[in-house]
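Reading through the structure tokens given below for one structure.
The values are calculated or read from the model by the stated rules, or taken from the named source; none is laboratory data. Since we're looking at a predicted model, the values are computed, not measured. Every residue, glycine as well, gets a Cβ built from its backbone with ideal geometry; the counts of neighbours run over all protein chains shown.
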Protein chains: 2
Amino acid sequence: MKKRLELTAYKNGILSGDRVILSQAITLVESTLESDQDLATELVQTLMVHSGNSIRIGITGVPGVGKSTFIEAFGKMLLDQGKKVAVLAIDPSSQLTKGSILGDKTRMENLASDKRAFIRPSPSGTTLGGVSGKTREAMLLCEAAGFDVILVETVGVGQSETAVKNMVDFFLLLMLAGAGDELQGIKKGIMEMADALVIHKADGDNFEPAKKAKVTYQNALHLFPVSQKNWIPKVLLASSTTGLGLEKVAELVIQYETQMKENGFWESNRAAQRLNWLEDQIQFLLGLAFLKNPEVKQVLESEKQNIQSGKLNPGTLAKSLISLFHSNHKS
Amino acid sequence: MKKRLELTAYKNGILSGDRVILSQAITLVESTLESDQDLATELVQTLMVHSGNSIRIGITGVPGVGKSTFIEAFGKMLLDQGKKVAVLAIDPSSQLTKGSILGDKTRMENLASDKRAFIRPSPSGTTLGGVSGKTREAMLLCEAAGFDVILVETVGVGQSETAVKNMVDFFLLLMLAGAGDELQGIKKGIMEMADALVIHKADGDNFEPAKKAKVTYQNALHLFPVSQKNWIPKVLLASSTTGLGLEKVAELVIQYETQMKENGFWESNRAAQRLNWLEDQIQFLLGLAFLKNPEVKQVLESEKQNIQSGKLNPGTLAKSLISLFHSNHKS
């Protein structure tokens, strides 16, 4: 039997920084039970006023770039600076990459064992709207629990970068120097989203190539149009083994925060993100209600074959399913 | 005043291969007027039985890789082989890259002037579901009009690759050899989606680097897990200037078609794509109905500020808006 607390118990536990209750509250947020969802929504609303005071940093990069070791080393360094750090993972493409999450969790044990840190693996959500909504709620709960820095790790490929970009203040792209650059997945679109490029594993034999890569990327970034927030992405070197560059990354984030708060982008970006969150939630909840409708379900099941075979136009079925949905939804 | 034909006029015109009526029908499909949409849905349903007999090829690659020149040269070669070729463009991220469409259209004039070809630029849609739904419908209309090969060009970045992959039989990634490889946007996820990599502009001084790049990519692709359809993506060289490799690309597509029809993937993939289309359409139409609801609109407007400022939990508002939507939708 799963234990569920009362709203006040969650609220007080979180506000007092109780990590066990925080963890249970995130489980509540991730639950697909309708009663759990209702309580979770209420809890998030209650805690809204206590949230928003952290720096939210998204961290992305292809598999093999060392995301977990970077987060562990960077997180440790932040703890040493007196920060409280929470790590969340987002994985919209959950089917294929599910296996990697447990791996990541194990590798971050060092950070997880520290009381000032909180690590939460990716929810096993169903749709992008669902997962990113849940990660956003988890983020607010962490903030209410007093965490200063939220690191959001992208897991999987494709749409996760956009999803993370839409919920963080600062977006960091990890890269590797040297051989195989062309396979790193450095999509121009993702480079344009990044506020900083960090050439990771800049140590040992890799240090010189990393220095060269830094120059190359820095030159490339200068070719991009300057964004509305008037920030040219910086390129830094870092090593999770030697600790090189980790403090510089933290300094850069603070410099960014100061500049963006001055020019107003910080708050306008968060405002836009909240609207985006609302849109995601509406899409998600509409889809959920739709698929739960028994008559819709029945027609969907009986016409599935005709869609698959190409006899029935998906647009035609979509239209009639939506009329059906409206005509027999209990209100 | 816009001219709208009767269903039968569209149908007969398309079935007789009338390109002017085909073009008008696609305009109807792209219309946002509800009455136009109803007619368009009916038209597509009527023509379903005449569709599905083409090869659908998705073509992607970063800006500068020469998508338009490749499509023009490849399309011309197919025409010379006696095929009828239609070119459609999909651009889900329409806000930013809108300008490029007209450019592409002009550059393909050579192909557009041939009666056996049909070129249609990207619809100026609003949402991904909307745009990709319309492109899918346009594709079926082209098939009913007798086009053998549909080339779907991705425009813009990010989600468009997935959208195109979800509507084509064969997915082709154009690449360049030589300097700046790391900036080409060769995301591993996109390479994994590709059925063929074509190193474009393999001519002049670029020929030797292109040959080297071919080996590199071929080796890299062998490291990827073999997909369920049992196809290892091939790497080819091509030049739109000299015509090198264009016929080989066409041969590869036919080889792929033969193999996939034998192992059953061809049809199972199309069946899955049709279900995916249905899902997209449902999401799109639900969202549309939602935003048109006057009471929803009003509350959305009055609470927008509270969402932006972070006072109101987007999940809370989404929930109450959806109840409101259900309770006063005229059925």
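Can B:Gln283 be described as at the interface with another protein chain (Cβ under 7 Å from one of its Cβ atoms) and not aliphatic (A, V, I, L, M)? Judged against the criteria, B:Gln283 is a match. Checked against (1) exposed (fewer than 12 other Cβ atoms within 10 Å of the Cβ); (2) outside the structural domain of A:Gly58 (by TED's automatic domain parsing), A:Thr258 passes all but a single condition, namely (2).
Quick one: in region A:150-187, which of the residues that are aliphatic (A, V, I, L, M) and out of contact with any Gly (no Cβ under 8 Å at 6 or more places or on another chain) is modelled with the highest pLDDT? Once the filter is applied, the top-ranked residue is A:Ile150. Residue count for region A:59-82, restricted to those that are in contact with a Lys or Arg (Cβ under 6 Å, 6 or more places away or on another chain), buried (at least 22 other Cβ atoms within 10 Å of the Cβ) and modelled with pLDDT of 95 or more: 0. Considering region B:61-76, the residues that are in contact with a helix residue (DSSP H, G or I) (Cβ under 8 Å, 6 or more places away or on another chain) and not in a helix (DSSP H, G or I) include one that is nearest to B:Lys261 (Cα to Cα), namely B:Gly61. Residue pairs whose Cβ atoms lie under 7 Å apart, separated by 6 or more positions or on different chains, with the first residue in region B:58-75 and not assigned by TED's automatic domain parsing to the domain that holds B:Thr154 and the second not β-branched (Val, Ile, Thr), do not occur. Taking every residue in region A:308-325 that is at the interface with chain B (Cβ under 7 Å from one of its Cβ atoms) and pairing it with any residue that is in a loop (DSSP other than H, G, I, E, B), at least 6 positions away or on another chain, the pairs with Cβ-Cβ distances below 7 Å are A:Gly310/B:Gly52. Restricting attention to region A:200-215, the residues that are within 14 Å of chain B (Cβ to nearest Cβ), of a type outside the set (Gly, Ala, Ser), surrounded by 17 or more Cβ atoms within 10 Å (Cβ to Cβ) and over 29 Å from A:Trp266 (Cα atoms) total 1.
Of all the criteria given as (1) in a loop (DSSP other than H, G, I, E, B); (2) away from every other protein chain (no Cβ under 11 Å), the one not satisfied by A:Gly58 is (1).
In this structure, A:Pro123 does satisfy being modelled with pLDDT under 95, in the same structural domain as A:Ala250 (by TED's automatic domain parsing), out of contact with any strand residue (DSSP E or B) (no Cβ under 7 Å at 6 or more places or on another chain) and buried (at least 16 other Cβ atoms within 10 Å of the Cβ). If you check B:Glu301, B:Glu262, B:Glu257 for being more than 9 Å from chain A (Cβ to nearest Cβ), farther than 30 Å from B:Asn230 by Cα and either touching a residue at least 40 places away in the same chain (Cβ under 8 Å) or in a helix (DSSP H, G or I) (or both), only one passes: B:Glu301.
A residue that is facing chain B (nearest Cβ under 7 Å) and in a helix (DSSP H, G or I) can be found somewhere in region A:289-297. Report yes if A:Leu22 is within 13 Å of chain B (Cβ to nearest Cβ) and hydrophobic (A, V, I, L, M, F, W, C), otherwise no. When the stated conditions are applied, A:Leu22 does not pass them. In a residue-by-residue description of region B:217-239, the property of being facing chain A (nearest Cβ under 9 Å), of a type in the set (Ser, Thr, Tyr), surrounded by 17 or more Cβ atoms within 10 Å (Cβ to Cβ) and over 22 Å from the mean Cα position of the chain (by Cα) applies to at least one position.
Would you check if there is a residue in region A:290-297 being closer than 22 Å to B:Asn166 by Cβ, outside the structural domain of A:Thr32 (by TED's automatic domain parsing) and buried (at least 21 other Cβ atoms within 10 Å of the Cβ)?
no
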